[in-house]
Amino acid sequence: MTISKLSHALMATSFLAASLALTAGASAQEITVTHAQGETTLPGVPETVFVIDWAAYDNLSALGVDIHGAPGSNIPSYMSDIVADDLINVGSLFEPDFEGIAAEQPDLIVVAARSSTSYPTLSQLAPTIDMSVDNNSFVEGVKHNIETLGEVFGIEGRAADLIVDLDAKVMQARALVEGQGTGLVIVTNAGNLGIYGPESRVAWIYNDLGFPSVFDDVDDRDHGGDAISFEYLLETDPDWLFVIDRDAGVGNEGAARSLLDNELIHQTTFWQNDQIIFLDPQAAYISMHGYSGLMLMLDQVIEGLSSAQ
């Protein structure tokens, strides 16, 4: 073989080796995410990220991930400092702007809970994952989402730190629950009362913190919980009452306090012992599976229980 032919052969071999290396590298960068509605393969770490769920926004922000598109309404007040002013409006939680999203061509769309029904359409527009959480495994679900998003964005260490902090907060609250008696979570809405149970958006109060409930069965699938009366609260008489003021969640602050300030409630154990904890209504009702919102509510529980020690 002549020097010229040898040179060309070596060049061809080098080119082939380089091509194989690039192909292997590209394959190695692919990320397959298993989520509530199947599996989604991403070609690499997403750069342009849209979320159609405020819990997802909360979780990504806690991880330090930049977000480029989010719903234009129902922003939880506790997140006001972390929601950027220049976000692309992707529509609402229930009605995403499909045309607008398609025009922007995001690298990743995240849906969950209220927006999960949009997954089939959105997944045709861009890689989409569903971060919905099973309320029966509430805290574990939040941790799983943090871990999954950490893997997607290559920040597993940050995700691990957040999970350690969450575990510590849950253990702190759980230790305070011991010996505190029974608990009940209610939602107030336009003068009505409802209760939430162990399969609801506040399941962590019962399942993860270990608060014994005062009821055996409850149909809390409706947004307003299972309807109850003031007489029911007096009859069941829980030691602790956790309140989600839905009216406050939409701007009518203090409605729940006023509603509960009546002759029947004044006879209850929780009222007489000042054992009522008002959970952040938007963290509990809108972004219930968000990391920062859950940490906020755990702090509220810890503060309330500590005052009774």
**OP:** Keeping to region 86-145, report how many residues are more than 16 Å from residue 72 (Cα to Cα), surrounded by fewer than 17 Cβ atoms within 10 Å (Cβ to Cβ), in contact with a helix residue (DSSP H, G or I) (Cβ under 7 Å, 6 or more places away or on another chain) and not small (Gly, Ala, Ser).
**Re:** 3
Subject >> Any chance residue 170 is outside the structural domain of residue 301 (by TED's automatic domain parsing) and aliphatic (A, V, I, L, M) >> reply: yes
Subject >> Residue in region 73-84 that is over 19 Å from residue 295 (Cβ atoms), without any contact (Cβ under 8 Å) to a residue 40 or more places away in the chain, more than 18 Å from the chain's Cα centre (by Cα) and in the same structural domain as residue 132 (by TED's automatic domain parsing) present >> reply: yes
**OP:** Filter region 253-285 down to the residues that are in contact with a Lys or Arg (Cβ under 9 Å, 6 or more places away or on another chain) and of a type outside the set (Ser, Thr, Tyr), then identify the one that is farthest from residue 171 (Cα to Cα).
**Re:** 255
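The rows are residues; the columns are (1) touching a Cys at 6+ places or on another chain (Cβ under 6 Å); (2) in contact (Cβ under 8 Å) with a residue 12 or more places away in the chain; (3) closer than 12 Å to residue 52 by Cβ; (4) part of a helix (DSSP H, G or I).
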| residue | (1), (2), (3), (4) |
| --- | --- |
| 101 | no, yes, yes, yes |
| 109 | no, yes, yes, no |
| 114 | no, yes, yes, yes |
| 124 | no, no, no, yes |
| 133 | no, yes, no, no |
| 141 | no, yes, no, yes |
| 145 | no, yes, no, yes |
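For every residue, the table says whether it meets (1) at pLDDT 95 or above; (2) touching a Ser or Thr at 6+ places or on another chain (Cβ under 7 Å); (3) assigned to a helix (DSSP H, G or I).
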| residue | (1), (2), (3) |
| --- | --- |
| 7 | no, no, yes |
| 11 | no, no, yes |
| 45 | yes, no, no |
| 50 | yes, no, no |
| 59 | yes, no, yes |
| 66 | yes, no, no |
| 73 | no, yes, no |
| 84 | no, no, no |
Original post:
Just to be sure, is residue 154 assigned to a helix (DSSP H, G or I), in contact (Cβ under 8 Å) with a residue 60 or more places away in the chain and either small (Gly, Ala, Ser) or touching a Gly at 6+ places or on another chain (Cβ under 9 Å) (or both)?
Top reply: no
Original post:
Quick one: how many residues across region 181-212 are surrounded by 24 or more Cβ atoms within 10 Å (Cβ to Cβ) and free of Cβ contacts under 8 Å to residues at least 24 places away in the same chain?
Top reply: 0
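The values are calculated or read from the model by the stated rules, or taken from the named source; none is laboratory data. Given the structure is predicted, the values throughout are model-derived calculations rather than measurements. Please note: Cβ atoms are built from the backbone with ideal geometry, for glycine as well, and neighbour counts cover all protein chains shown.
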